[in-house]
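Scroll down for the structure; my scribbles are underneath it.
The values are calculated or read from the model by the stated rules, or taken from the named source; none is laboratory data. Since the structure is predicted, the reported quantities are computational estimates derived from the model, not experimental observations. Reconstructed Cβ throughout: ideal geometry from the backbone, glycine too, with neighbour counts over all protein chains shown.
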Number of protein chains: 2
Amino acid sequence: MSISGKNLIAGEWSGDFTKGFSATNAVKNEPMPEVFADASETEVEQAIARAHQAFASYSQLPAVQRAKFLRTIGEQIVALGDELVEMACAETGLPAMRIQGERGRTVGQLGLFADLLEQGEYQGVFDAADAERQPLPKPDTRLGYLPLGVVGVFAASNFPLAFSTAGGDTASALAAGCPVVMKAHAAHPGTAELVAQAISKAIELCDIDAGVFSLIQGKNYAIASQIVTHPMVKAVGFTGSERVGMILQQQINQRPEPIPFYGELGSVNPQFIMADKLATEASTLAENLVASLMMGQGQFCTSPGIWSYVKSVDTPVFEQAASAAIAATEAGVMLTPAMAESYKKTVASWQSIDGVELLAQGQSGVAHFTQAALFVTDLTTFKANTVLQEEVFGPCALILRLQDEQELAEFIGLLKGNLTAAIHATDKDMAQSRTVALSVAHKVGRLIYNQMPTGVEVCASMNHGGPFPASTDLRTTSVGSEAIKRFQRPICYQNMPNELLPQLLRS
Amino acid sequence: MSISGKNLIAGEWSGDFTKGFSATNAVKNEPMPEVFADASETEVEQAIARAHQAFASYSQLPAVQRAKFLRTIGEQIVALGDELVEMACAETGLPAMRIQGERGRTVGQLGLFADLLEQGEYQGVFDAADAERQPLPKPDTRLGYLPLGVVGVFAASNFPLAFSTAGGDTASALAAGCPVVMKAHAAHPGTAELVAQAISKAIELCDIDAGVFSLIQGKNYAIASQIVTHPMVKAVGFTGSERVGMILQQQINQRPEPIPFYGELGSVNPQFIMADKLATEASTLAENLVASLMMGQGQFCTSPGIWSYVKSVDTPVFEQAASAAIAATEAGVMLTPAMAESYKKTVASWQSIDGVELLAQGQSGVAHFTQAALFVTDLTTFKANTVLQEEVFGPCALILRLQDEQELAEFIGLLKGNLTAAIHATDKDMAQSRTVALSVAHKVGRLIYNQMPTGVEVCASMNHGGPFPASTDLRTTSVGSEAIKRFQRPICYQNMPNELLPQLLRS
């Protein structure tokens, strides 16, 4: 496959290279050779109009054919072979093994939704008629689900495959019967184009209206605004920073017609270490937390950012072990030079906060690499500096030493929403764990016991979301089979003859 | 029971009568004797703060106890006896039989949610652990649901019981485990207070934290703003006009933390009359449509506002029958004098639109009563006057004569979102009905065949919602047992010991 640098607009590749841009080879810190065409307003308009047009046929496509389409996309992604892995590694700096794993997860996600479609895309609810009921007869009513319409998706920087072009949002929207207009992430446009080529081939092989998928390249903010405010766009999926997410949210708020906005924004993923756990497994736990923090150079959305416990005689053992583990970490490359810069600025600014102490740093490396940082503070400082509750994108964690149970309760009360929290405890900690679990549950989308938050299982019982700012819509998950529900809505059919009912609702 | 005119703030009745207001006796068109205290900012703040506080215990209350609470509310509403019926009739002008029926529905709704809670308030999803899985072990994950927190509810004018103080929003929020801060409708404050007295008694009998329910009286818009922008309020339910609903939506959009807003706003409930139906059952259908239109003096949210068909030799039969039925209707009282005025203004303004013809009017009555109106127009006029697609609150319908199937398709394309649409057809119309059903489905929350849209069944398969402006959140229903999902959100428990899991998720 060769990279065209163009936008895929409903099956046609087009682009004006006078406004071209290139990504950066993350490890080499130099521009990639490929040039990409910033999409024009006309191209975006065409993509959305053709998606809207395709909705008429695609929303009627039988579920088994949508399943076949999803599986074919997966096959075509695998068929891209090493070229995809090499491109993604170059653009993101992530190692080959990680990209291979992420490719497996991406193909697996497509398969999960295909399975769901084959098993029956939803469970209908039926209430039979009763002509004899008093005072009025009861009608026959059946509850089913319809796709929403065109979905705008914004790719994430940190998962170039699993949360990008053919990632979870795209897979669940296509599964639901919704066409997708995908805004590629400007940090990995080559990876995006390769995957779009795979989707385009799958569209041909499955004989589907090409309007069902378009890929929009660009660094231009106006593109994003055009997508989210377009009257034909009926839902938006986004994974990224709170800052950019809230810009999109505000634009969506200006629409005359409200639409669902699924923004996964920020999370510090608090860790709660109970007394007996600290007394008995301090060193192992510290090493495991550091290993979890370092995954993807701290760029996982579930990275453990705040580690809390009530101070005790065991505290120093944990802190020494954690410091030693941090000090042993090698410097690493981040997804983009801008992200590395931003990370370094945050670490520097934390060092200047009174009451925040830098416990340990990882090894330094070449200039555009970043080193891990472990800070420690107390609740008074934490309360006085709300910046400490904001997600740091990169390998930085904050230990929060609490004086007593009351401070622990106060800390939980202060927490904003998070994707996850984890309780680290032994059986002896059960009473305290219960207290923590009951209150922390209201702050998170996933509550974990004695496991690390990184690593999100793709399954039916997963919830990847949570109270704001973890998600702009805490009623939904972006991972797992329930994610399809974001792009469907209920419809009741009353007294409908069998011939006019969807297949799943027929007698 | 006597009416205090006060606000119920977490079990305490309070109010400053210097800013008092009274409702209007609708039939007599004169002020009711009772005076109500416009709630102060402090009272609203207290109500919300106490609701937030009560959430800690109420969200933990076992489902069977929440069920008992709901049933007790129902019993206490019934125990109010004729006083409630008389008050509601006086304040709304609705006849006693209608209020008695609505009381039955309200108590039935409470019972429906109680049944749901007793049967298991949600269906957990389980994925078992697999320690042997490669390359990584699979954790145990279980998906459950948590209540959102404090819910603000705004009562509807047209259903003083079923969509008001202890109506569907309140019942489903309380069922989910959410405290409710209820803003009474200023047109029926006495009815609201009586029902609040019943809820207050149920709270005492069930020994529940009184913060779980507050009733806010008032005509003051600042109250509404204070409720929907309060950081402790986590969801809002509203049934009313598009104008007021969008004011609330815009205020909610200003919040730093987005929250769900369930606004049921406007719907014209289009009727599609097929050719053979028109040829064979024109008169009966016309009479049935007029009867449906006249329910509650045209103040049902599912009132059939637009009747469409392709013109044929049978059209005059239908139009003559409909005109005769309209002409035979007596003048009726509306919920408030202001609504009657607004209705009359709309009817007058439609009469001045070129291309819109007044086919028939109902009988006239006393000055503050309203008479039915039946208009007819063509697609060109309909397209040129978007006002014709807005809901008219009152007994007014518009016949839309279409030239051919192409105009029919164009009309469907123009439609905004609606709560319902109905297809009136015979077996001979099946092919055309299928075409209409497939496209109209995307514009409505409920699609009906050969029945009238008025009358919303309260059951598991009901959907009362739909694309905007029918609802501000088309993924949800405000009627039926699925309504509880509006006030819950998913949470995944990973590797959790049995002791720390909610009852429904334990092994």
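Say whether the condition of being within 7 Å of another protein chain (Cβ to nearest Cβ), in a loop (DSSP other than H, G, I, E, B), crowded, with 24+ Cβ neighbours inside 10 Å and touching a residue at least 40 places away in the same chain (Cβ under 8 Å) is met by at least one residue in the stretch A:450-465. No: zero hits.
Quick check on A:Met232: is it surrounded by fewer than 19 Cβ atoms within 10 Å (Cβ to Cβ) and in contact with a strand residue (DSSP E or B) (Cβ under 7 Å, 6 or more places away or on another chain)? Yes, satisfied.
Can you pull out the residues in the stretch B:184-193 that are hydrophobic (A, V, I, L, M, F, W, C) and either assigned to a helix (DSSP H, G or I) or within 14 Å of chain A (Cβ to nearest Cβ) (or both)?
The one that is hydrophobic (A, V, I, L, M, F, W, C) and either assigned to a helix (DSSP H, G or I) or within 14 Å of chain A (Cβ to nearest Cβ) (or both): B:Ala192.
Set side by side, the residues B:Ser433, B:Ser507, B:Ser478, B:Ser439 differ, and just one is of a type in the set (Gly, Ala, Ser) and within 18 Å of the chain's Cα centre (by Cα), which is B:Ser478. Here A:Arg475 qualifies as free of Cβ contacts under 8 Å to residues at least 12 places away in the same chain, surrounded by 22 or more Cβ atoms within 10 Å (Cβ to Cβ) and of a type outside the set (Phe, Trp, Tyr).
Taking the options A:Pro260, A:Pro231, name whichever one is in contact (Cβ under 8 Å) with a residue 40 or more places away in the chain and either within 14 Å of chain B (Cβ to nearest Cβ) or among the basic types (Lys, Arg) (or both).
Exactly one residue qualifies, and that residue is A:Pro260.
Among the residues that make up the stretch B:323-340, is at least one of them in contact with a Cys (Cβ under 9 Å, 6 or more places away or on another chain), surrounded by 14 or more Cβ atoms within 10 Å (Cβ to Cβ) and not in a loop (DSSP other than H, G, I, E, B)? The answer is no, given that none of the residues of the stretch B:323-340 is in contact with a Cys (Cβ under 9 Å, 6 or more places away or on another chain), surrounded by 14 or more Cβ atoms within 10 Å (Cβ to Cβ) and not in a loop (DSSP other than H, G, I, E, B).
Sort out which residues of the stretch B:441-462 are within 14 Å of B:Ser267 (Cα to Cα) and in contact with a helix residue (DSSP H, G or I) (Cβ under 8 Å, 6 or more places away or on another chain), and write them in order of number. Listed by number, the residues that qualify are B:Lys443, B:Leu447, B:Pro453, B:Thr454. When we screen B:Ala367, B:Ala384 for residues that are small (Gly, Ala, Ser) and at pLDDT 95 or above, the only hit is B:Ala384. The residues in the stretch A:295-341 that are acidic (Asp, Glu) and within 19 Å of A:Phe163 (Cβ to Cβ) can be counted, and the count is 0.
Quick check on B:Gly445: is it within 14 Å of chain A (Cβ to nearest Cβ) and among the small types (Gly, Ala, Ser)? Yes; evaluated as a whole, the condition is true for this residue.
Looking at B:Gln297, B:Gln217, just one residue is buried (at least 22 other Cβ atoms within 10 Å of the Cβ), assigned by TED's automatic domain parsing to the domain that holds B:Glu319 and not aromatic (Phe, Trp, Tyr), and that residue is B:Gln297.
Note on the stretch B:276-306: residues that are assigned to a loop (DSSP other than H, G, I, E, B) and in contact with a Leu (Cβ under 7 Å, 6 or more places away or on another chain) amount to 6.
Matching residues to (1) over 22 Å from A:Thr315 (Cα atoms); (2) surrounded by 14 or more Cβ atoms within 10 Å (Cβ to Cβ):
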position	(1), (2)
A:Val347	yes, yes
A:Ala360	no, yes
A:Val376	no, yes
A:Thr381	no, yes
A:Val387	yes, no
A:Gly394	yes, yes
A:Glu410	no, yes
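Within the stretch B:317-354, which residues are in contact with a helix residue (DSSP H, G or I) (Cβ under 6 Å, 6 or more places away or on another chain), more than 25 Å from B:Pro189 (Cα to Cα) and not hydrophobic (A, V, I, L, M, F, W, C)? Scanning the stretch B:317-354 gives a single hit, B:Thr329. Applying the selection to the stretch B:344-400, what residues are among the hydroxyl-bearing types (Ser, Thr, Tyr), more than 28 Å from the chain's Cα centre (by Cα) and over 27 Å from B:Lys443 (Cα atoms)? Listed by number, the residues that qualify are B:Ser352, B:Ser364. The set of residues in the stretch A:413-437 that are surrounded by fewer than 20 Cβ atoms within 10 Å (Cβ to Cβ) and at the interface with chain B (Cβ under 7 Å from one of its Cβ atoms) comprises A:Met430, A:Arg434. Looking across the stretch B:353-371, the residues that are within 14 Å of B:Val290 (Cα to Cα) and either in contact with a strand residue (DSSP E or B) (Cβ under 6 Å, 6 or more places away or on another chain) or assigned to a strand (DSSP E or B) (or both) come down to B:Leu359, B:Ala360, B:Gln361, B:Gln371.
Selection within the stretch B:482-507: residues that are out of contact with any strand residue (DSSP E or B) (no Cβ under 8 Å at 6 or more places or on another chain) and not in a helix (DSSP H, G or I). The member of this set that is surrounded by the most Cβ atoms within 10 Å (Cβ to Cβ) is B:Arg506.
Can you say whether B:Asp140 is more than 23 Å from B:His464 (Cα to Cα) and within 14 Å of another protein chain (Cβ to nearest Cβ), as far as the supplied structure shows?
yes
Kindly indicate whether B:Phe393 is more than 14 Å from every other protein chain (Cβ to nearest Cβ) and touching a strand residue (DSSP E or B) at 6+ places or on another chain (Cβ under 7 Å). Talk me through it step by step, then tell me what you get.
Working: more than 14 Å from every other protein chain (Cβ to nearest Cβ): yes; touching a strand residue (DSSP E or B) at 6+ places or on another chain (Cβ under 7 Å): no.
Here the answer is no, as B:Phe393 does not meet what is asked.
Regarding A:Val150, is this residue of a type in the set (Val, Ile, Thr), under 30 Å from B:Thr420 (Cα atoms) and within 11 Å of chain B (Cβ to nearest Cβ)?
no
Against the list (1) within 26 Å of B:Gly413 (Cβ to Cβ); (2) outside the structural domain of A:Arg489 (by TED's automatic domain parsing), the condition A:Leu61 fails is (2). Just the residues that are in contact with a Phe, Trp or Tyr (Cβ under 8 Å, 6 or more places away or on another chain) and within 20 Å of A:Ala340 (Cα to Cα), please, taken from the stretch A:374-386. A:Phe375, the sole residue that qualifies.
Of the strands (runs of 3 or more DSSP E) lying entirely inside the stretch A:99-183, the ones with 1 or more residues being buried (at least 23 other Cβ atoms within 10 Å of the Cβ) are found at A:141-147, A:150-154, A:180-183.
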